[in-house]
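Undergrad: Below you will find the structure I want to go over with you.
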Amino acid sequence: MPINRRDLLRGAAAAGMLGAAWPLSDALTPAQAEAAARDLGVRWDEAPFTLGVASGDPLPDSVILWTRLAPEPLAEEQSLPDTVEVDWVVARDRELRRVVCSGTVAATAGQAHSVHVPVHGLEPGGRYYYSFRALGRRSRIGRTRTAPVGPVPRVRFASANCQAFHDGFYAAHRGIARENLDFVVHLGDYIYEHGQVGGTPVRDHEGPEVLTLPDYRRRHALYKGDPSLRAAHAAHPWYLTWDDHEVVNDYSGTTPSLRARRAAAYQAWFEHLPVRDGTPAAPRIHQRRQWGDLLELSILDLRQYRSEQNLPGGTILGAEQKAWLYDNLDDAGDSWHCWVNSIMLSRLAKPDGGYYFTDQWDGFVSERREVLTRVHDAGLRDLVVITGDWHSAFVDDIRPDFDEPDTPVIGTEFTAHSVTSGAYSAEWNAENGPVMGAANPHLKYFEGNRYGYDVYEVTPHRWSTHMRVIGDRAHANSPVRTLTTFHVDRGTPGSHEDPATAGSPAQYRRR
Ligand SMILES: [Fe+2]
């Protein structure tokens, strides 16, 4: 049986390597700490830039550059002055010789010594390299690019979602780092807030459930300890949305008991990612972004503004975001339209008529019908929705009303495998794949036995979704291969699987 991270942690604790001293701190000898970190697949960059670098939210003339000074990634407080000056530089070349701009920014303790630099005045569709300097040290060099304008022959991007640290190594992010991509989209569950789930509680060095700002900061720092995640950030600019586990499972609203925890979780998320807009307490996630004339992204925030699920008149978008989405529909251009969507949009009904999960759009059925009817009435064509959360891959036809199978197909939803987060058992998948297919005539494909990420290759005539899967999440260097590819042809609603891979293993495939 392959060893997983939790086994490694337990083994390390039993061997006396970690004990109460975890995080890797002064109670361990340097050699012990190094050995423990190596066994866990945790290896930070050199201090103070332990958590690496990242870039995000590419616009035609701008990207956000991010880093955080954290000499002791898992310590509650950093041994740093309240304010540290951080120099940044952007260049055209990998050696940072052809500098195009540079500056200095203050990293302050109030935001965990994170920095977010909005760099402006860049060329559209340009490739850039960047780095930071502070406390006499230089960070690694990151690579980024700006969005193009005008005609674009092709875009290639990847999505990742659901990366529970305790469930495995980020071989999927290693794959993403090596892909030739324009950008990456994260679909949520970047961290998990819980500790051990199920079974009798055992000491788990990922720690118990996180609740406070220092807790959430440490959890983010732990996740960034996986070198493959840092490599994926350093290789490409990212757009981001989030799901529930950045705060707590299936949350909604701002009840008094949740308010403080949510604020802490939002702030830690903001501090650890290349986010442009809003405030740490209320990041602005829903954004419309263009990749030239080829692709429009509507990045959705399905957590911050939602009501409770299963309410008459409930909302998953909130009034302001829904109005924004409708504005996007009303002046949509002639391009592919991609909704960056954290949780499944398509109906997933059980044979008895109930739903599998109502934390997804199935808990907001009247708003879903309203929004998709609006898509249909607006005459929007070429809608592709990309989704995470399910820890399994699905392909669905989107209809204005999923309960009316005779309504036209108005788009396609691709739900991607998770990076590591545990899926259902092979037995559950084998039994329930055909059951889900029979109860949902719009469902075309289901595969739940694998982990990985999706790569989307988009031209003016065709959208192709390549499902990349890893061999084994217990191995940091597990190889990546393509399980199957689905295509959507421009102007023709619905998807079709590539004949070359249509014989690959799956637990449901509509023939
Ligand atoms: Fe998840």
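Undergrad: Could you list, in sequence order, the residues of region 215-256 that are hydroxyl-bearing (Ser, Thr, Tyr), in a loop (DSSP other than H, G, I, E, B) and touching a residue at least 40 places away in the same chain (Cβ under 8 Å)? Break it down stepwise before answering.
TA: Step one: of region 215-256, the residues hydroxyl-bearing (Ser, Thr, Tyr) are 216, 223, 228, 239, 241, 251-252, 254-255.
Next, from what is left, pick out any that are in a loop (DSSP other than H, G, I, E, B): 241, 251-252, 254-255.
Answer for region 215-256, where residues must be hydroxyl-bearing (Ser, Thr, Tyr), in a loop (DSSP other than H, G, I, E, B) and touching a residue at least 40 places away in the same chain (Cβ under 8 Å): 241, 251, 252.
Undergrad: Out of region 329-348, which residues are open to solvent by 10 Å² or more (accessible area, probe 1.4 Å) and more than 21 Å from residue 488 (Cα to Cα)?
TA: Residues satisfying the conditions are 330, 331.
Undergrad: Is it the case that region 432-454 has a residue that's away from the ligand (no atom under 16 Å from the Cβ), aromatic (Phe, Trp, Tyr) and open to solvent by 30 Å² or more (accessible area, probe 1.4 Å)? Steps first, please.
TA: In the first step, residues of region 432-454 are kept if they are away from the ligand (no atom under 16 Å from the Cβ); the result is 432-447, 449.
The next check asks that each one be aromatic (Phe, Trp, Tyr); those that pass are 445-446.
Going one step further and asking which of them are open to solvent by 30 Å² or more (accessible area, probe 1.4 Å), we end up with none.
No, region 432-454 has no match at all.
Undergrad: A further question follows. Kindly indicate which of 150, 199 is surrounded by fewer than 24 Cβ atoms within 10 Å (Cβ to Cβ), at pLDDT 95 or above and on the phi > 0 side of the Ramachandran plot. Before you say what the answer is, go through the steps one by one.
TA: Working: 199 fails: at pLDDT 95 or above.
The unique qualifying residue is 150.
Residue-wise test of (1) over 26 Å from the mean Cα position of the chain (by Cα); (2) open to solvent by less than 60 Å² (accessible area, probe 1.4 Å).
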position: 469; (1), (2): no, yes
position: 477; (1), (2): no, no
position: 484; (1), (2): no, yes
position: 487; (1), (2): no, yes
position: 490; (1), (2): yes, no
position: 494; (1), (2): no, yes
position: 502; (1), (2): yes, yes
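Undergrad: Can you name the residue in region 371-420 that is open to solvent by 30 Å² or more (accessible area, probe 1.4 Å) and aliphatic (A, V, I, L, M) and, of all such residues, is nearest to residue 165 (Cα to Cα)?
TA: Selected residue: 409.
Undergrad: Looking at region 162-175, can you tell me whether even one residue there is surrounded by fewer than 20 Cβ atoms within 10 Å (Cβ to Cβ) and of a type outside the set (Asp, Glu)?
TA: Kept after step one, since they are surrounded by fewer than 20 Cβ atoms within 10 Å (Cβ to Cβ), are these residues of region 162-175: none.
No, region 162-175 contains no residue that is surrounded by fewer than 20 Cβ atoms within 10 Å (Cβ to Cβ) and of a type outside the set (Asp, Glu).
Undergrad: Here's a check for you: in region 359-392, which residue that is within 16 Å of the ligand (Cβ to nearest atom) and assigned to a loop (DSSP other than H, G, I, E, B) is nearest to residue 323 (Cα to Cα)?
TA: Per the criteria, the residue is 360.
Undergrad: Next question. Within region 222-261, restricting attention to residues that are among the aromatic types (Phe, Trp, Tyr) and under 30 Å from residue 291 (Cβ atoms), which residue is surrounded by the most Cβ atoms within 10 Å (Cβ to Cβ)? Even if it seems obvious, please write down each step before you answer.
TA: To start, the set of residues in region 222-261 that are among the aromatic types (Phe, Trp, Tyr) comprises 223, 238-239, 242, 251.
Now narrow it down to the ones that are under 30 Å from residue 291 (Cβ atoms): 223, 238-239, 242.
Values: 223: 21, 238: 26, 239: 22, 242: 24.
Checked region 222-261; the qualifying residue surrounded by the most Cβ atoms within 10 Å (Cβ to Cβ) is 238.
The values are calculated or read from the model by the stated rules, or taken from the named source; none is laboratory data. Since the structure is predicted, the reported quantities are computational estimates derived from the model, not experimental observations. Note that we place each Cβ from the backbone using ideal geometry, even for glycine, and neighbour counts take in every protein chain shown. Ligands, DNA and RNA are excluded from the accessible area calculation, which covers all protein heavy atoms including side chains. Shrake-Rupley method; radii C 1.70, N 1.55, O 1.52, S 1.80 Å.
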